[in-house]
Amino acid sequence: MLGTGSIVPECTTSDGPRAGPAKPADLGYDSAPMARHTSEKAARGGGDRVVSKNRRAFYDYEVGDKYEAGLVLIGSEVRALREGSADLTDAWVDIDSRGEAWVKGLRIPPLKHAAFGHEERRPRKLLLHREQIDRLRGLNQRDGMTLIVTQCYFKQNRGKIEIAVAKGRKKYDKRQAVREKDADREARVAMQRGRKA
């Protein structure tokens, strides 16, 4: 509170003097709002980042529809994913008789300094909607498709994986895919050279 002997600057605006104490903008200070404190997570984009990708899957399989699934992890697994990477080369999805989806073959390396470690290749439960699980089970059993893991990432600080419905390629299909990729690359290089000339 102001005492009786306090001096309060009077405010003078273009309209004339105004009663009451002066505000910061009236005294010539910048009237921009104060900056809010942002945490490191918010500065990094809310924790969204790719942990690892399974590039080999696009060579070995013809990839179809993709689904996003949440991962049920324990603390040391989350820390290991944040600090390092996961090995997705042998990862695949299995749907058991109870209708639960599990990712198998996903390797998350253990932390050396963790008090309670984890198994590297243990089956981990996936969080999917019932309709998605039924659709994936039908594609797997009826059509003979394989359910592979194509990428592991964090989205809003939650561990997720991307599941793809895929069909295995034969050896000649793989060679054909490599030929097509090389032809596309050569065509792009030739077009870039043509533009520069």
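Results, tabulated for the structure shown:
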| quantity | calculated |
| --- | --- |
| Anisotropy class of segment 45-173 from Cα gyration tensor, a/c 1.5 cut | prolate |
| Full-stretch length increase - ARG169, HIS113 - with 0.36 nm per residue and alpha-carbon distance subtracted | 16.0 nm |
| Burial ordering of ARG55, ARG135, fewest other beta-carbon atoms within 10 Å first | ARG55, ARG135 |
| Environment charge at TYR153 (Cβ cut-off 13 Å; Lys +1, Arg +1, Asp -1, Glu -1) | +4 |
| Label-point separation, ARG49 to ASP134 (7 Å along Cα→Cβ), nm | 4.0 nm |
| Pairs of lysines in segment 45-173 (C-alpha under 15 Å apart; 8 or more residues apart or interchain) | 8 |
| Dipole of segment 56-197, positive direction: furthest Cα of ALA190, GLN132, GLY105, with charges on the beta-carbon | ALA190 |
| Charge dipole magnitude, Cβ of K and R +1, D and E -1 - segment 45-173, Cα centre, debye nearest 20 | 160 debye |
| Extension gain (nm, one decimal) between ARG185 and ARG79, 0.36 nm per residue minus Cα-Cα | 34.3 nm |
| Packing rank of 181-188, 126-133, where each peptide gets the mean count of other beta carbons within 10 Å, highest leading | 126-133, 181-188 |
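We did not get these values from a lab; they are worked out from the coordinates using the rules stated. All values reported here derive from a predicted model rather than from experimental measurement. A quick note on method: Cβ atoms are made from the backbone with ideal geometry, for glycine too, and the neighbour counts reach across all protein chains shown.
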